[in-house]
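Peer 1: Below you will find the structure I want to go over with you.
The values are calculated or read from the model by the stated rules, or taken from the named source; none is laboratory data. As the structure is a prediction and not an experimental result, all values here were calculated from the model. Neighbour counts run over all protein chains shown; Cβ positions are idealised from the backbone, glycine included. With ligands, DNA and RNA removed, areas are computed over all heavy atoms of the protein, side chains included. Shrake-Rupley method; radii C 1.70, N 1.55, O 1.52, S 1.80 Å.
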Amino acid sequence: MTDNNHHIAVLIGKFLDNSLSAEQLGTLEEWINASDNNRDLFTELTDQQQLTNHLQRFYAYDSVRITHKIGEAIPQFLESPVIPIRTTLFKKKWGWAAAILLLLAGNAYYWSTHQANTPAQSVASHIDIQPGTQGAILTLADGKQVVLDSMNSGVVANQKGASIVLSKGELIYDPTTNNNADLEYNTMTTPKGRQFQVTLPDGTRAWLNAASSIRYPTAFTTNERRVEVTGEVYFEVVKNANKPFFVSIGDNAVIEVIGTSFNINAYDNEQFIRTTLIDGSVKVAIASATNDNSLVLKPGQQARITDKKVNLADKQDIDKIMAWKNGFFNFDGADLEEVMRQLERWYNIEVVYENGIPHTRFIGEMSRQIALTDLLEILKRTEVDFRVEGRKLIVLNK
């Protein structure tokens, strides 16, 4: 897309946000008055009712179904080596939603004008696989399991040292006054296609992504707080200098915390174990390391662990890392395998590559609350096609 079109898109966004300067307003008015097409396009993009209708019907803005265009920008846009898929912008302000929509107009127009002459693709399935939901399995100290997504709000169980309450989709541990209770452990597990959150006995909150787990005591009665995790978990740890907070990731690493917020990605099928600091300070150390192989992170930094070594990755994209917690997929810079791993966990599917793994990279984000078929309709604009058989997604290299 030309720099001028990008600039106009930004100005339209600022117009809807009421943040245009006098000079910027003059530039926008000059562009609007340059042609009838510009004027009509501006009217469409600033029609609040039209935007609301799209939001209500498609959960968020879907460029596949919106046919605005910037004519001369289409060829340049389609030559891009990466595939833009920023089709869901519910979290954006109205103005910026419209601006990004304008930036994607070339791709949307290309799709809308070609789909009528394109044979039906194999992405359709008899089963429209729905996105993941809130839910988890709680394993109590005695081994009893409670399926949380099938329960109403209220008291779930009473364990030594805590009363366990389910409230508004969150599990809350309310400590009792018995600080001498024997240490008992609970485990919360999210299967594929589920996510959940828990408030631990000290008030620390943990959000679990799909296919994750956290094991923790029902009361923190010693001079430290220690939990164990698998998969992906985001923490907001209550500060207590007298009781440091430790997170163990199998036999790979231990994270020491005083009070902070951070994200751990420790899926077995990912290249690294990643700990990303959002706020505060954490120390990431290799478990049982004979040498002092550790890092103290600053906000925005990430520790990556592989082969019993911890390395620093600076200046991380926090929006991308936290997208899952905020209800989005963020595929900026992701290759096809990374995208498919996320889909496997969230839609509870199996991904199979029929003719090798296509070399495709993506940019952009979309809602995690759309059906798999709708998501694949967007992804298949690349040199990749899909076939769905039951809960198996077969990737076809065109």
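Peer 1: Specify the residue that is nearest to residue 14 (Cα to Cα); the eligible residues are those in segment 29-56 that are modelled with pLDDT of 70 or more, in a helix (DSSP H, G or I) and among the polar types (S, T, N, Q).
Peer 2: In this case the residue turns out to be 43.
Peer 1: Pull up segment 221-245, narrow it to residues that are in contact (Cβ under 8 Å) with a residue 40 or more places away in the chain and among the aromatic types (Phe, Trp, Tyr), then point me to the one that is surrounded by the fewest Cβ atoms within 10 Å (Cβ to Cβ).
Peer 2: 234
Peer 1: While we're here: Look at segment 158-174 and say how many of its residues are open to solvent by 60 Å² or more (accessible area, probe 1.4 Å) and outside any loop (DSSP other than H, G, I, E, B).
Peer 2: 2
Peer 1: Now, a different point. When the residues of segment 357-390 are filtered to those that are assigned to a strand (DSSP E or B) and at pLDDT 85 or above, which remaining residue is most open to solvent (accessible area, probe 1.4 Å)?
Peer 2: By that ranking, first place goes to 389.
Peer 1: Sticking with this one: Scan segment 329-356 for residues that are open to solvent by less than 40 Å² (accessible area, probe 1.4 Å) and closer than 19 Å to residue 232 by Cα and jot them down.
Peer 2: Result: 329, 330, 331, 334, 339, 340, 343, 344, 345, 346, 347, 349.
Peer 1: On to the next question. Inspect segment 177-185 for any residue being at pLDDT 90 or above, of a type outside the set (Asp, Glu) and open to solvent by less than 20 Å² (accessible area, probe 1.4 Å) and give the result as yes or no.
Peer 2: no
Peer 1: Here's another thing I want to ask about it. Tell me, yes or no, whether segment 313-328 has at least one residue that is on the phi > 0 side of the Ramachandran plot and open to solvent by 10 Å² or more (accessible area, probe 1.4 Å).
Peer 2: Taking segment 313-328 as the starting set, the residues that turn out to be on the phi > 0 side of the Ramachandran plot are 315, 327.
Among the residues that remain, those that are also open to solvent by 10 Å² or more (accessible area, probe 1.4 Å) are: 315, 327.
Scanning segment 313-328 turns up at least one residue that is on the phi > 0 side of the Ramachandran plot and open to solvent by 10 Å² or more (accessible area, probe 1.4 Å).
Peer 1: For residues that are loosely packed, with under 13 Cβ neighbours inside 10 Å and polar (S, T, N, Q), scanning just segment 134-157, find the one that is farthest from residue 348 (Cα to Cα).
Peer 2: Out of the qualifying residues, it is 153.
Peer 1: For segment 224-279, give me the residue count where each residue is within 22 Å of the chain's Cα centre (by Cα), outside any strand (DSSP E or B) and either of a type in the set (D, E, K, R) or closer than 21 Å to residue 318 by Cα (or both).
Peer 2: Residues that pass the stated criteria total 7.
Peer 1: Right, another one. How about segment 207-220: which of its residues are of a type in the set (A, V, I, L, M, F, W, C), part of a strand (DSSP E or B) and open to solvent by 20 Å² or more (accessible area, probe 1.4 Å)? Explain how you work it out, then say what you get.
Peer 2: Kept after step one, since they are of a type in the set (A, V, I, L, M, F, W, C), are these residues of segment 207-220: 207-208, 210-211, 214, 219-220.
Remaining after also requiring part of a strand (DSSP E or B): 207-208, 214.
Once the filter is applied, which keeps residues that are of a type in the set (A, V, I, L, M, F, W, C), part of a strand (DSSP E or B) and open to solvent by 20 Å² or more (accessible area, probe 1.4 Å), segment 207-220 yields only 207.
Peer 1: Residues of segment 188-210 being within 17 Å of the chain's Cα centre (by Cα) and without any contact (Cβ under 8 Å) to a residue 40 or more places away in the chain, which ones?
Peer 2: 197, 206
Peer 1: List the residue pairs whose Cβ atoms are under 6 Å apart, where the first residue sits in segment 365-376 and is closer than 14 Å to residue 330 by Cβ, the second is among the basic types (Lys, Arg) and buried (at least 21 other Cβ atoms within 10 Å of the Cβ), and the two are 6 or more positions apart or on different chains.
Peer 2: Going by the 6 Å Cβ cut-off, the qualifying pairs are 365/86.
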